[in-house]
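Engineer: My structure is below; once you've seen it, I'll send some questions.
The values are calculated or read from the model by the stated rules, or taken from the named source; none is laboratory data. Just so it is clear, the structure is predicted and the values come from calculations on it, not from any experiment. Cβ coordinates were reconstructed from backbone atoms using ideal geometry, including for glycine residues, and neighbour counts include every protein chain displayed.
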Amino acid sequence: MKFYNSLSKNLEVFITDNTVKIYSCGPTVYDYAHIGNMRTFLFEDLLIRTLKYFSYPVKHVRNLTDIDDKTINKSQEQKTSLKDFTEKYAKEFFKDLAQLNFDETSTTYLRATEYIDPMINLIEELIEKSFAYDKGDGVYFKTSSFKEYGNFAGLDLENLQEGAAGVEGDYQKEDFGDFVLWKKYKESDGDVFWDSPWGKGRPGWHTECAAMVRNSFLEGLDIHTGGIDLLFPHHTNEKAHCECLSHQPMATYWLHATHLLVDNKKMSKSLGNFYTIRDLLDKGFDHRNIRFYLQTGAHYRSPLNFTLEGLKGTTSALKRLDNFIYEISETPQEGDRYFLKEKFDNALQEDLNISAAMGEIFSLVNAYYGGKIFDTNAILLELKEIDKVLGVLKFPKENILDEETQKLFDLRVIARAEKNWAESDRLRDELLTHGVEVRDTKDATNIRKL
Ligand code: AMP
Ligand code: ZN
């Protein structure tokens with residue numbers, strides 16, 4: 001498997017010794033997630049599903065940014081406590097993910113507000129080792145104290161401009177390039193503050209993720225992910241926190257999804273091209289179509305230009321795929337073995353090239369409708385495997401087999417496709433000992449429970 005690593009700016013062979021440890025920067029829970037956010041989160045779902053599909057165990061952590069300027073300001077506007085306000089959007093976010101069929105079985109969610117102590121400890125350690133200083137309205141990271149700072153994003157530190165490190169101008173740091181770790185309390189923060197050795201206040205965004213990663217992954221990360229806008233300042237600054245202390249890479253691979261555009265423009269409320277999942281449901285699309293479009297519409301590093309027309313087109317493509325699966329389930333054919341999974345897997349292993357992988361499926365569908373005869377039972381089995389990655393296909397016939405007999409049955413389908421009659425007979429007899437009778441007819445294999 002190969003991934004494009006933003007660190008080396010190269011495609012690299014993926015190497016890991018055991019469980020793949022992944023951290024993803026999660027949503028700021030001050031509003032419903034929009035389809036751009038979802039593109040990045042679905043890229044992460046694709047990454048996790050793919051790793052599991054290729055038998056890697058995965059441990060994934062995603063944070064919820066429930067404390068920052070936006071969550072504070074909006075909760076105050078709505079006269080709601082920060083907790084009630086952010087929980088409402090966290091709940092909506094989880095609902096979106098469930099309806100979009102995310103594989104969440106290896107994911108843990110961390111709320112930034114529940115990790116304030118590790119954040120304070122991290123800042124204390126940075127001050128102690130002279131990487132940070134307490135000045136005026138905050139505690140700041142001194143970027144000039146960490147000589148690798150900025151290599152990741154290719155920054156020219158000499159010429160960094162005001163605001164370049166994502167810090168507002170009214171902050172009293174020593175250098176433009178420094179960034180805030182702890183923001184001291186201001187009247188406008190209302191009742192949102194925590195006590196700290198530097199007086200009451202709250203953590204900066206970069207410190208939040210850095211502390212949560214250190215807290216969850218003592219031995220470092222294999223993969224850190226997010227949207228491309230996070231490379232600088234957020235990931236650059238997270239990385240500086242961890243690496244100046246540990247002298248170890250914070251993550252081996254950094255994977256970034258390119259932004260979703262809408263009608264070839266940045267999505268913004270003022271341009272009227274801003275969509276949440278709900279907006280698309282109101283227009284008559286369903287979660288399956290949205291998932292399929294955002295996850296397979298383009299390679300994660302290519303821009304995806306969202307249009308309603310494009311989403312309609314994908315909806316028809318999915319329908320064609322549904323019809324194909326329905327037909328081969330209801331009226332199976334015997335014919336040449338088509339090695340779909342092998343082609344799909346090869347594409348996926350090249351930096352999750354899902355558009356090429358989908359291209360393989362649609363080539364097969366086109367060949368089938370063009371009159372080619374294939375072994376459709378084998379195709380159906382492979383599509384069931386492939387759907388562990390896609391999470392979007394519909395299979396009409398529910399299985400009457402349990403896990404063990406299903407495995408034997410699957411092996412038999414493959415043996416038959418390869419015309420290995422001896423093995424196929426052996427598996428038929430073995431299935432019989434489990435109380436499952438299989439009978440081959442000219443067009444299909446029928447199964448009966450004895
Ligand atoms: P936020 O809720 O703003 O903290 O963003 C959550 C995730 O969505 C981050 O990984 C961002 O990089 C990503 N993101 C934000 N806007 C877009 C977009 N238009 N396209 C793709 N990803 C985005
Ligand atoms: Zn982060």
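Engineer: Working carefully through the options GLU360, GLU330, find the one that is more than 21 Å from the chain's Cα centre (by Cα), among the acidic types (Asp, Glu), buried (at least 16 other Cβ atoms within 10 Å of the Cβ) and outside the structural domain of LEU46 (by TED's automatic domain parsing). Can you show your working first?
Structural biologist: Details: GLU330 fails: buried (at least 16 other Cβ atoms within 10 Å of the Cβ).
Unique residue meeting the criteria: GLU360.
Engineer: Being closer than 30 Å to LEU42 by Cα and buried (at least 17 other Cβ atoms within 10 Å of the Cβ) narrows it down to one of LEU383, LEU431, so name that one. First the steps, then the outcome.
Structural biologist: Working: LEU431 fails: closer than 30 Å to LEU42 by Cα.
Within the list LEU383, LEU431, the selection yields LEU383.
Engineer: Continuing with this model, one more query. Quick check, is GLU92 within 15 Å of ligand 1 (Cβ to nearest atom), in contact (Cβ under 8 Å) with a residue 12 or more places away in the chain, over 22 Å from LYS183 (Cα atoms) and buried (at least 22 other Cβ atoms within 10 Å of the Cβ)? Spell out how you get there, then give the answer.
Structural biologist: On the way: within 15 Å of ligand 1 (Cβ to nearest atom): yes; in contact (Cβ under 8 Å) with a residue 12 or more places away in the chain: yes; over 22 Å from LYS183 (Cα atoms): yes; buried (at least 22 other Cβ atoms within 10 Å of the Cβ): no.
No.
Engineer: Look through the stretch 89-112, keep the residues that are among the basic types (Lys, Arg) and assigned to a helix (DSSP H, G or I), and return whichever of them is modelled with the highest pLDDT.
Structural biologist: Taking the stretch 89-112 as the starting set, the residues that turn out to be among the basic types (Lys, Arg) are 91, 95, 111.
Those left that are additionally assigned to a helix (DSSP H, G or I): 91, 95.
Working: LYS91: 96, LYS95: 93.
Selected residue: LYS91.
Engineer: Separate question: Determine the pairs where a residue that is under 19 Å from ASN420 (Cα atoms), located within the stretch 319-337, has a partner that is among the aromatic types (Phe, Trp, Tyr) and not in a helix (DSSP H, G or I) with Cβ atoms under 7 Å apart, the partner being 6 or more residues away or on another chain.
Structural biologist: That search, which allows pairs on different chains as well, returns GLN333/PHE374; GLY335/PHE374; ASP336/PHE374.
Engineer: Still on this structure, I have one more. Residue by residue through the stretch 7-47, note down the ones that are away from ligand 2 (no atom under 16 Å from the Cβ) and assigned to a strand (DSSP E or B).
Structural biologist: Once the filter is applied, which keeps residues that are away from ligand 2 (no atom under 16 Å from the Cβ) and assigned to a strand (DSSP E or B), the stretch 7-47 yields ASN10, LEU11, GLU12, VAL13, VAL20, HIS34.
Engineer: While we're on this one: State yes or no: is TYR149 part of a loop (DSSP other than H, G, I, E, B), modelled with pLDDT under 95, within 25 Å of LYS21 (Cβ to Cβ) and not aliphatic (A, V, I, L, M)? Give the derivation first.
Structural biologist: Details: part of a loop (DSSP other than H, G, I, E, B): yes; modelled with pLDDT under 95: yes; within 25 Å of LYS21 (Cβ to Cβ): yes; not aliphatic (A, V, I, L, M): yes.
For TYR149, the condition - part of a loop (DSSP other than H, G, I, E, B), modelled with pLDDT under 95, within 25 Å of LYS21 (Cβ to Cβ) and not aliphatic (A, V, I, L, M) - is met.
Engineer: Of the numbered conditions (1) on the phi > 0 side of the Ramachandran plot; (2) in a helix (DSSP H, G or I), LYS79 fails exactly one; give the number of that condition.
Structural biologist: So the condition that LYS79 fails would be (2).
Engineer: Does the stretch 8-49 hold any residues that are more than 14 Å from ligand 1 (Cβ to nearest atom) and either surrounded by fewer than 20 Cβ atoms within 10 Å (Cβ to Cβ) or over 16 Å from the mean Cα position of the chain (by Cα) (or both), and which are they? It would help to see each step written out before you state the result.
Structural biologist: First, the residues of the stretch 8-49 that are more than 14 Å from ligand 1 (Cβ to nearest atom): 8-21, 48-49.
Of everything in the stretch 8-49, those that are more than 14 Å from ligand 1 (Cβ to nearest atom) and either surrounded by fewer than 20 Cβ atoms within 10 Å (Cβ to Cβ) or over 16 Å from the mean Cα position of the chain (by Cα) (or both) turn out to be SER8, LYS9, ASN10, LEU11, GLU12, VAL13, PHE14, ILE15, THR16, ASP17, ASN18, THR19.
Engineer: Shifting gears a bit: I need the helices (runs of 4 or more DSSP H) fully contained in the stretch 182-300, keeping only those with at least 1 residues that are without any contact (Cβ under 8 Å) to a residue 12 or more places away in the chain and surrounded by fewer than 20 Cβ atoms within 10 Å (Cβ to Cβ).
Structural biologist: Values: elements: 205-216, 236-246, 277-282, 287-296.
Answer list for the stretch 182-300: 277-282.
Engineer: Please enumerate the residues belonging to the stretch 306-319 that are among the basic types (Lys, Arg) and loosely packed, with under 13 Cβ neighbours inside 10 Å.
Structural biologist: Residues of the stretch 306-319 that are among the basic types (Lys, Arg), as a first pass: 312, 319.
Passing the criteria: only LYS319.
Engineer: Tell me yes or no: at least one residue of the stretch 373-396 is assigned to a helix (DSSP H, G or I), over 30 Å from PRO303 (Cα atoms) and among the β-branched types (Val, Ile, Thr). Walk me through how you get there before you give the answer.
Structural biologist: As a first pass, look at the stretch 373-396 and keep what is assigned to a helix (DSSP H, G or I): 376-390.
Filter once more, keeping what is over 30 Å from PRO303 (Cα atoms): 376-381.
Subsequent filtering for residues that are among the β-branched types (Val, Ile, Thr) retains 376, 379.
Scanning the stretch 373-396, I find at least one residue that is assigned to a helix (DSSP H, G or I), over 30 Å from PRO303 (Cα atoms) and among the β-branched types (Val, Ile, Thr), so the answer is yes.
Engineer: Could I ask something else about it? Could you list all residues from the stretch 198-251 that are among the aromatic types (Phe, Trp, Tyr), away from ligand 2 (no atom under 12 Å from the Cβ) and within 30 Å of SER188 (Cα to Cα)? Spell out how you get there, then give the answer.
Structural biologist: Taking the stretch 198-251 first, the residues among the aromatic types (Phe, Trp, Tyr) are 198, 205, 217, 232.
If we keep only those that are away from ligand 2 (no atom under 12 Å from the Cβ) as well, we get 198, 217, 232.
Across the stretch 198-251, the qualifying residues are TRP198, PHE232.
Engineer: What number goes with the only condition from (1) out of contact with any strand residue (DSSP E or B) (no Cβ under 8 Å at 6 or more places or on another chain); (2) touching a residue at least 12 places away in the same chain (Cβ under 8 Å); (3) surrounded by fewer than 19 Cβ atoms within 10 Å (Cβ to Cβ); (4) over 26 Å from ARG39 (Cα atoms) that ALA378 does not pass?
Structural biologist: The number of the failed condition is (3).
Engineer: How about the stretch 220-233: which of its residues are more than 15 Å from the chain's Cα centre (by Cα) and near ligand 1 (Cβ under 8 Å from one of its atoms)?
Structural biologist: ASP229
Engineer: Quick check, is GLU87 out of contact with any helix residue (DSSP H, G or I) (no Cβ under 8 Å at 6 or more places or on another chain) and surrounded by 22 or more Cβ atoms within 10 Å (Cβ to Cβ)? Don't jump to the end; show me each part of the working.
Structural biologist: Working: out of contact with any helix residue (DSSP H, G or I) (no Cβ under 8 Å at 6 or more places or on another chain): yes; surrounded by 22 or more Cβ atoms within 10 Å (Cβ to Cβ): no.
So GLU87 fails the test.
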